[in-house]
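Visitor: Sharing a structure with you now.
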2 protein chains.
Amino acid sequence: MNVIYVDNNATTRVAPEVFDEMIPYFSEFYGNPSSMHTFGGNVGRKIREAREKVATILGAAPEEIVFTSCGTESDSTAIRAAVLSNPDKKHIITTRVEHPAVKNLGEYFSKNGFRVTFVPVDRKGRLDIDYLYENLTDDTAIVSIMWANNESGTIFPIEELSKTVKERGIVFHTDAVQAIGKIPIDVSKTGVDMLSLSGHKLHGPKGIGVLYIRKGTKFSPYIIGGHQESGRRGGTENVASIIGIGKACELAMEHLGKENTRVKKLRDKLETEILKRIPNTIINGDPENRLPNTTSIAFEYVEGESILLMMDEFGICASSGSACTSGSLEPSHVLRAMGVPFTAAHGSIRFSLSIYNTEEEIDFIIEKLPPIIERLREMSPFWDDKVIGNR
Amino acid sequence: MNVIYVDNNATTRVAPEVFDEMIPYFSEFYGNPSSMHTFGGNVGRKIREAREKVATILGAAPEEIVFTSCGTESDSTAIRAAVLSNPDKKHIITTRVEHPAVKNLGEYFSKNGFRVTFVPVDRKGRLDIDYLYENLTDDTAIVSIMWANNESGTIFPIEELSKTVKERGIVFHTDAVQAIGKIPIDVSKTGVDMLSLSGHKLHGPKGIGVLYIRKGTKFSPYIIGGHQESGRRGGTENVASIIGIGKACELAMEHLGKENTRVKKLRDKLETEILKRIPNTIINGDPENRLPNTTSIAFEYVEGESILLMMDEFGICASSGSACTSGSLEPSHVLRAMGVPFTAAHGSIRFSLSIYNTEEEIDFIIEKLPPIIERLREMSPFWDDKVIGNR
């Protein structure tokens, strides 16, 4: 069966061009870049090239780039570094809609002597900026706000937020895992001190992340060990994956236009047609400021998991929330924070597209989805035909 | 130029059989194992298989295996988990010859409110076991001792040590990164509570590690985030590399005999011939209890880095110490701890073989090395012909 993969906010296909560049660094040029011999040294040169490519997509300098093992490690490293560098400050600000990497770490800190403010969002997933500003204090060690939400696709005004926070002398971190490659990012135009990336969300490999650390930012390493990454992250460099994320960043820059034209057009078609063909559907997220590849749609009075299972039979791969929170029967914390009604949150499906999706695939989903929803609603005890048109 | 790679304690070639198993999981079956759809779920099944393979080589249960990003992360996770789980205990015991992953973390703790005991070793790199036992106190949170040393190859009696430490109710961790695949390991016969592995030291990929956590061991995650690894390590699973380390463990079990016959024989030949042909050479390490692939040889009155550079011209890749401490002009902390005289420590070279080395390669090194040492000694201000035979 053909796979129609519209779950690109969960993970992406490694671009063939990326994998091609990685291949020689497994069994052929496998040296340790820290070694004294040429065989290892040559690998070090490739790592420098990758670092430059990552720096370029961010508008950063290569020495501001630290390779980590994933976005989660980058988030942890950033937040803990800010806390360790400001031992007198016991307040952290983040949002109610962060990825578990930041949300669960925030909850951990709140149980361990810190006051943690979780800034709320509105029905479209937009941040309550006044609430954020009102809560900045001299005790605030760090503000960590994602650049774009993985579920709703809503984009936060990071340029503005980071500048204001920075003016107050507070460290600003952003999890840009979902934003990179989908919208333009230039840290030099922001007040961002630290920024997290993940390889596997932009057609690079899994198991590799990046932490951008602005020059001059107080830092202490999280994974302590060897001298790697200029003493900022121990452990033998994940050579092939570093080369992979470098190439993925290069490709992402080339494809940024396509994301915002072709991919956006496909997303818009999918969304428009679903809303047109299926009653009682609601878009979760901000239509004005939203990732071009993402739509989260609530199908009222149906279970999201049932929709996923029935789509799966046609090879359609989507998700009901973050892959990192799946397995739980609770509706997503993001949709709850947005105030999506219970009956709609439970039936919300996220479609997240990529440059590999075709118009034929979108047409296939548009064709298959209405009867799925209709069948599920017929089985639902909460569904009543009269509901239609009454909202 | 042909590469003669005898630096396998720094990193290893990914076995072609390992890479073959990884290939489909980059661009073809790239789903997120946490996803609800079959495309992701199938990947989850492969991860379970890999977990079983890793468990098998250790004599552990699959649920005792946690995948991390590297040996360094595993070490950090283990030691910090023990410290967090025993908040009243402020004493850590380790050795003077650990890998930087443990050594530097120990130094970090010693500056942050902990007393850290570094157990000394003798001239052959053997642990002062009485010193270790005398220093166990009710305040000791964890004892972390490597299974085999990466530079000298000396093997520590982990079965005995771990049982004695465990009888005292103290957590025992071992960094087995260099031991696995070279000597038999069966945690069920030990008192080891936690054990670290690294993929790239046993012909698996870089960027993947394992932490074995014995059932019932108090644990708290180090990388906090999603629900992955049963809540013990956040971050999207590094699928291809997990599959890779699983296959590498399977192969390592098959090759264990070869390591201890063919590889050992080649190592012994290299060592014997170098000692025979080159005067003023000393073996660093314990000839009785030593990894079968490793020899560290001190060439008195020469600089190790010069030897490496001249060998490099013939494509011979070896090292002067740990790759993770290279770049420093200081002689290795391991050789210093062993009391290797300054003039010998500076000229020490580690040769570490693998199943991919051939007898022809060993013969080539035996042929090329004597004139290199002779030439360097002629240039050395410390060298005097009369030294020969006077020791």
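The values are calculated or read from the model by the stated rules, or taken from the named source; none is laboratory data. Only a predicted model underlies this, so the values are computations on that prediction, with no experimental measurement involved. Neighbour counts are summed over all protein chains in view; Cβ atoms, including those assigned to glycine, are modelled from backbone coordinates with ideal geometry. All accessible areas refer to the heavy atoms of the entire protein, side chains included, with ligands and DNA or RNA removed. Shrake-Rupley method; radii C 1.70, N 1.55, O 1.52, S 1.80 Å.
Visitor: For the range B:260-285, which positions are touching a Lys or Arg at 6+ places or on another chain (Cβ under 7 Å) and surrounded by fewer than 19 Cβ atoms within 10 Å (Cβ to Cβ)?
Guide: none
Visitor: Pull up the range B:166-190, narrow it to residues that are open to solvent by less than 30 Å² (accessible area, probe 1.4 Å), assigned to a loop (DSSP other than H, G, I, E, B) and not basic (Lys, Arg), then point me to the one that is nearest to residue B:356 (Cα to Cα).
Guide: My answer is B:181.
Visitor: Okay, next question. Counting only residues that are acidic (Asp, Glu) and away from chain A (no Cβ under 12 Å), give me the helices (runs of 4 or more DSSP H) lying completely in the range B:253-351 with at least 1 of them.
Guide: The qualifying helices (runs of 4 or more DSSP H) are B:264-277.
Visitor: Sort out which residues of the range A:375-385 are open to solvent by 50 Å² or more (accessible area, probe 1.4 Å) and in contact (Cβ under 8 Å) with a residue 12 or more places away in the chain, and write them in order of number.
Guide: Hits for the range A:375-385 are A:375, A:382.
Visitor: Which count do you get for residues in the range A:333-358 that are hydroxyl-bearing (Ser, Thr, Tyr), at pLDDT 95 or above and open to solvent by 10 Å² or more (accessible area, probe 1.4 Å)?
Guide: The number of residues fulfilling the criteria is 2.
Visitor: Here is a further query. Just to check your reading of the model, which residue among B:163, B:215 is open to solvent by 20 Å² or more (accessible area, probe 1.4 Å), basic (Lys, Arg), on the phi < 0 side of the Ramachandran plot and part of a loop (DSSP other than H, G, I, E, B)?
Guide: Going through B:163, B:215 in turn, just one is open to solvent by 20 Å² or more (accessible area, probe 1.4 Å), basic (Lys, Arg), on the phi < 0 side of the Ramachandran plot and part of a loop (DSSP other than H, G, I, E, B): B:215.
Visitor: Return the pair list, or none, for Cβ contacts closer than 8 Å from residues in the range B:294-316 that are free of Cβ contacts under 8 Å to residues at least 12 places away in the same chain to residues that are open to solvent by 40 Å² or more (accessible area, probe 1.4 Å) and in a loop (DSSP other than H, G, I, E, B), at least 6 apart or on different chains.
Guide: Taking only residues 6 or more apart or on different chains, the pairs are B:309/A:36; B:312/A:36.
Visitor: In the range B:287-307, which residues are more than 16 Å from the chain's Cα centre (by Cα) and either closer than 18 Å to residue B:97 by Cβ or not hydroxyl-bearing (Ser, Thr, Tyr) (or both)?
Guide: If the condition is that a residue be more than 16 Å from the chain's Cα centre (by Cα) and either closer than 18 Å to residue B:97 by Cβ or not hydroxyl-bearing (Ser, Thr, Tyr) (or both), then B:287, B:288, B:297, B:298, B:299, B:300, B:302, B:303, B:304, B:305, B:307 are the ones that fit.
Visitor: Confirm whether residue A:210 is open to solvent by less than 10 Å² (accessible area, probe 1.4 Å), more than 9 Å from chain B (Cβ to nearest Cβ) and without any contact (Cβ under 8 Å) to a residue 40 or more places away in the chain.
Guide: no
Visitor: Take the range B:359-391 and flag every residue that is outside any loop (DSSP other than H, G, I, E, B), modelled with pLDDT under 95 and β-branched (Val, Ile, Thr).
Guide: Result: B:387, single match.
Visitor: Anything in the range B:51-92 that is at negative phi, in contact with a Ser or Thr (Cβ under 6 Å, 6 or more places away or on another chain), surrounded by fewer than 24 Cβ atoms within 10 Å (Cβ to Cβ) and more than 13 Å from chain A (Cβ to nearest Cβ)? List them, or say none.
Guide: Of everything in the range B:51-92, just one residue is at negative phi, in contact with a Ser or Thr (Cβ under 6 Å, 6 or more places away or on another chain), surrounded by fewer than 24 Cβ atoms within 10 Å (Cβ to Cβ) and more than 13 Å from chain A (Cβ to nearest Cβ), namely B:91.
Visitor: Something else about it: Are there any pairs, at least 6 apart or on different chains, whose C-beta atoms fall under 6 Å, with the first in the range A:112-129 and among the charged types (D, E, K, R) and the second in a loop (DSSP other than H, G, I, E, B), and if so, which?
Guide: A:123/A:338; A:123/A:339; A:124/A:286; A:126/A:286; A:128/A:120
Visitor: Examine the range A:4-23 for a residue that is of a type in the set (Lys, Arg), more than 30 Å from residue A:130 (Cα to Cα) and surrounded by 18 or more Cβ atoms within 10 Å (Cβ to Cβ), and state whether such a residue exists.
Guide: yes
Visitor: Out of B:330, B:367, which single residue is closer than 26 Å to residue B:123 by Cβ and open to solvent by 10 Å² or more (accessible area, probe 1.4 Å)?
Guide: Every option except B:330 fails the conditions.
Visitor: Go through (1) more than 25 Å from residue B:188 (Cα to Cα); (2) touching a residue at least 60 places away in the same chain (Cβ under 8 Å); (3) at the interface with chain A (Cβ under 7 Å from one of its Cβ atoms) for residue B:33 and report which single condition fails.
Guide: Unmet for residue B:33, out of (1) more than 25 Å from residue B:188 (Cα to Cα); (2) touching a residue at least 60 places away in the same chain (Cβ under 8 Å); (3) at the interface with chain A (Cβ under 7 Å from one of its Cβ atoms): (3).
Visitor: Sticking with this structure for a sec: Would you please name the residue that is farthest from residue B:92 (Cα to Cα), looking only at residues in the range B:124-146 that are assigned to a loop (DSSP other than H, G, I, E, B) and open to solvent by less than 10 Å² (accessible area, probe 1.4 Å)?
Guide: This residue is B:125.
Visitor: Of everything in the range B:218-234, what is of a type outside the set (S, T, N, Q), within 11 Å of chain A (Cβ to nearest Cβ) and assigned to a loop (DSSP other than H, G, I, E, B)? Give them in sequence order.
Guide: Correct list: B:221, B:222, B:223, B:224, B:225, B:226, B:227, B:233, B:234.
Visitor: Restricting attention to the range B:93-123, and to residues there that are of a type in the set (A, V, I, L, M) and more than 22 Å from residue B:10 (Cβ to Cβ), which single residue is surrounded by the fewest Cβ atoms within 10 Å (Cβ to Cβ)?
Guide: B:116
Visitor: I'd like the full set of residues that are in a helix (DSSP H, G or I) and either more than 20 Å from the chain's Cα centre (by Cα) or more than 13 Å from chain B (Cβ to nearest Cβ) (or both), limited to the range A:94-122.
Guide: A:108, A:109, A:110 - these are the residues of the range A:94-122 that are in a helix (DSSP H, G or I) and either more than 20 Å from the chain's Cα centre (by Cα) or more than 13 Å from chain B (Cβ to nearest Cβ) (or both).
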